[in-house]
1. Computing the accessible area with a 1.4 Å probe over protein heavy atoms, can you report the carbon and sulfur percentage for segment 69-154?
2. Averaged per residue, what accessible area in Å² does segment 72-134 show with a 1.4 Å probe, protein chains only?
3. For K87, which aspartates and glutamates qualify as cross-link partners when the Cα separation must be under 19 Å and same-chain residues fewer than eight apart are set aside?
4. Per-residue counts of other Cβ atoms within 10 Å, averaged by peptide: what ranking do you get for 68-75, 93-100, 44-51, 152-159, highest first?
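The values are calculated or read from the model by the stated rules, or taken from the named source; none is laboratory data. Keep in mind it's a predicted model, so treat the numbers as computed, not measured. Note: ideal-geometry Cβ built from the backbone for every residue, glycine included; neighbour counts use all protein chains shown. Heads up: the accessible areas ignore ligands, DNA and RNA and are worked out on the full protein's heavy atoms, side chains in. Shrake-Rupley method; radii C 1.70, N 1.55, O 1.52, S 1.80 Å.
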Amino acid sequence: MMRVSGWLRCAILLASLTMQAVSAVAPPMVARIIQHSFPERRESLQVLTEALFTEYQQQKNITSLIFYSYGMLKLAEQLAVENDVIKAAEYARTGFFYLDEAAELYENDPRVRYLRARIDAFLPAASGRCVIALSDTQFIQQSSVTFESDILDNVKYMRYRALHSCGEINQAAALLARLKQARPHLKSLSLALNAAPEWEISEATQIVLPLAGDK
């Protein structure tokens, strides 16, 4: 039988406790996504996305509105692949509208700004959203809220991508060099990624859970 090291057991336990906390604190639909991600099938994705908007209307928890916007953008991506360009554009507009609405409602909350930057920083340069991502990442870095180093590294990486997309190549290169020097173990530094990465435990514990707990 394979032996599990102490640090791995701790990591597994932490992940389990984090998911339990997500279920206890976050609105049900949001907790489901953090635990299992958005469904791949469009019909299931549509149902879950609509449920998120209903959840927001009933509970007024801003995380439900943000994840609703995420769902709309994912639906837009699927429709674009199916060459339903008109409907894809409609869903994308709705997704970005509510994402920006959430950020405007909570403009002084770095956690909300983080959740918006998490989308905008991974979009193609042609979208023009890099300017918003730069504003959000700068706001987070200047915020008085204390985040742990892994979240701050994510912010730097998102800012690096946004700088590159906005044509600030020299600034992007300088930031990337500082990031690699400080965190040589980081792997996800590619510009080739065209979608936000999978959720990290640190994002659940430092961003989503505290925000979902605000009533």
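1. Details: 2220 of 4200 Å².
The computed percentage sits at 53.
2. Values: 3070 Å² over 63 residues.
Per residue, segment 72-134 has an accessible area of 49 Å².
3. E40, E43, E50, E77
4. Working: 68-75: 24.0, 93-100: 17.9, 44-51: 16.4, 152-159: 21.4.
Ranked by mean Cβ neighbours within 10 Å, highest first: 68-75, 152-159, 93-100, 44-51.
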